[in-house]
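Have a look at the structure below, then the notes.
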């Protein structure tokens, strides 16, 4: 008997949401399961995780769907269009029964900014293949997203080098 896939949300202001999701991806890949990761919001520059995942390309498919940080966009329509294109890709990956796990990294932002219709998104999540695990990351997960999830972890910042104006570090933040 195949177990039902979990809907997991990693949210909160603390660091570690993407890291936790990527840990699940590596764990699943280690068991030979197929994983699809789609990063929203993050820039098109290749992050450390994107570089490392190429070694797991038989198990993990990786896509960057964001156009960079929304506040840095020259055209305010650009992040909306990037989110829509990313969601179109995500919908097709979720609907295909090919993946055991789909991770939508930084996905709370397109919902919070109103770039995507939350009702339609939640309907797609509810209709996903029964075996498929779905992982969402990002700050400020909505009450409806949290209610729909099976497992929710809130990362809470207690202390961070950013508070002392330290720059983001390669291998830690990107």
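The values are calculated or read from the model by the stated rules, or taken from the named source; none is laboratory data. Note that this is a predicted model, so its numbers are computed, not measured. FYI the Cβ positions are ideal-geometry reconstructions off the backbone, even for glycines, and counts take in every protein chain you see.
General observations
- Only one entry in 49, 61 is at pLDDT 90 or above and surrounded by 13 or more Cβ atoms within 10 Å (Cβ to Cβ), namely 61.
- Residue 81 vs. criteria touching a residue at least 40 places away in the same chain (Cβ under 8 Å) and closer than 30 Å to residue 57 by Cβ: no
- Filter result for residue 121 (part of a strand (DSSP E or B), on the phi < 0 side of the Ramachandran plot and buried (at least 18 other Cβ atoms within 10 Å of the Cβ)): no
- Flag if residue 140 is assigned to a loop (DSSP other than H, G, I, E, B) and either within 19 Å of residue 13 (Cβ to Cβ) or at pLDDT 95 or above (or both): yes
- Looking only at residues of the stretch 154-165 that are assigned to a loop (DSSP other than H, G, I, E, B) and surrounded by 11 or more Cβ atoms within 10 Å (Cβ to Cβ), we find that the one that is farthest from the chain's Cα centre (by Cα) is 160.
- Identity of the residue in the stretch 155-171, in contact with a helix residue (DSSP H, G or I) (Cβ under 9 Å, 6 or more places away or on another chain) and in contact (Cβ under 8 Å) with a residue 40 or more places away in the chain, that ends up nearest to residue 21 (Cα to Cα): 155
- None of 67, 43 is surrounded by fewer than 17 Cβ atoms within 10 Å (Cβ to Cβ) and either in a loop (DSSP other than H, G, I, E, B) or modelled with pLDDT of 95 or more (or both) except 43.
- Boolean, residue 86 is assigned to a loop (DSSP other than H, G, I, E, B) and either surrounded by 15 or more Cβ atoms within 10 Å (Cβ to Cβ) or modelled with pLDDT of 90 or more (or both): no
- Filtered residues of the stretch 5-29 (kept if more than 23 Å from residue 161 (Cα to Cα) and either part of a loop (DSSP other than H, G, I, E, B) or touching a helix residue (DSSP H, G or I) at 6+ places or on another chain (Cβ under 9 Å) (or both)): 5, 6, 7, 8, 9, 25, 26, 29
- Whichever residue in the stretch 70-83 is surrounded by 14 or more Cβ atoms within 10 Å (Cβ to Cβ) and in a helix (DSSP H, G or I) and, among such residues, is modelled with the highest pLDDT: 83
- Inspection of the stretch 89-109 finds no residue satisfying the criterion of being loosely packed, with under 13 Cβ neighbours inside 10 Å, under 19 Å from residue 146 (Cα atoms) and out of contact with any strand residue (DSSP E or B) (no Cβ under 7 Å at 6 or more places or on another chain).
- When we screen 134, 145, 151 for residues that are touching a residue at least 24 places away in the same chain (Cβ under 8 Å), in contact with a strand residue (DSSP E or B) (Cβ under 7 Å, 6 or more places away or on another chain) and exposed (fewer than 14 other Cβ atoms within 10 Å of the Cβ), the only hit is 151.
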